[in-house]
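The values are calculated or read from the model by the stated rules, or taken from the named source; none is laboratory data. Everything numeric in this text was worked out from a predicted model, so none of it was measured. Backbone-built Cβ (ideal geometry, glycine too); neighbour counts: all protein chains shown.
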Amino acid sequence: MPHFHIEYSANLEGIADMSALCEVIRSTASEIEIFPTPGIRVRATRVDHVAIADGDSKHGFIDLSIRLREGRPDNAKKDAVDRVFEALKNFMTSAMEMHSIAISAEIRDIDAALSPKFGNVRDHMKDKA
């Protein structure tokens, strides 16, 4: 049940295609063993109220938060966040050539005992992974 939550500043509307970024993150994550494909959920939330750096409204940001159920080794999580972050950076390369944008990512564990899950996504997948 890896959750990928992208928060981005509103001034990036029209500069970066967030639907396409969600797909890049989903596709990249699906190739990483610690992220079970049926559980991948990627969403993006526009943040309308921000204050960044020196306060100039030209600055924008993208922050990617990755949450997944505990139990994966730290080296696997490090590799995973590095790979997803690289995909994010590559996606934003051309926009960053002309715009001031800060990009960040974080991966953290979810305590399985405190996070109940239920769903039938696997039952409806073409390739029942």
Of the conditions (1) farther than 29 Å from residue 126 by Cβ; (2) surrounded by fewer than 10 Cβ atoms within 10 Å (Cβ to Cβ), residue 33 satisfies every one except a single condition; which number is it? (1)
Counting just the residues of the stretch 84-127 that are in a helix (DSSP H, G or I) and among the acidic types (Asp, Glu), which one comes out farthest from residue 38 (Cα to Cα)? 97
Filter the stretch 6-30 for residues that are surrounded by 16 or more Cβ atoms within 10 Å (Cβ to Cβ), not in a helix (DSSP H, G or I) and not hydrophobic (A, V, I, L, M, F, W, C) and give the result. 7, 8, 9
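Taking the condition among the aliphatic types (A, V, I, L, M) and free of Cβ contacts under 8 Å to residues at least 24 places away in the same chain, does residue 102 pass?
Working: among the aliphatic types (A, V, I, L, M): yes; free of Cβ contacts under 8 Å to residues at least 24 places away in the same chain: no.
So residue 102 fails the test.
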Given the criterion exposed (fewer than 14 other Cβ atoms within 10 Å of the Cβ), closer than 23 Å to residue 18 by Cα and of a type outside the set (Lys, Arg), identify the matching residue among 115, 94. 94
Which residue pairs have Cβ atoms closer than 7 Å, lie 6 or more positions apart in sequence or on different chains, and pair a first residue in the stretch 1-24 that is more than 22 Å from residue 115 (Cα to Cα) and at pLDDT 95 or above with a second residue that is in a helix (DSSP H, G or I) and aliphatic (A, V, I, L, M)? 8/18; 15/95; 16/92; 16/95; 24/87
Among the residues of the stretch 95-111, count how many are touching an Asp or Glu at 6+ places or on another chain (Cβ under 6 Å) and among the small types (Gly, Ala, Ser). 1
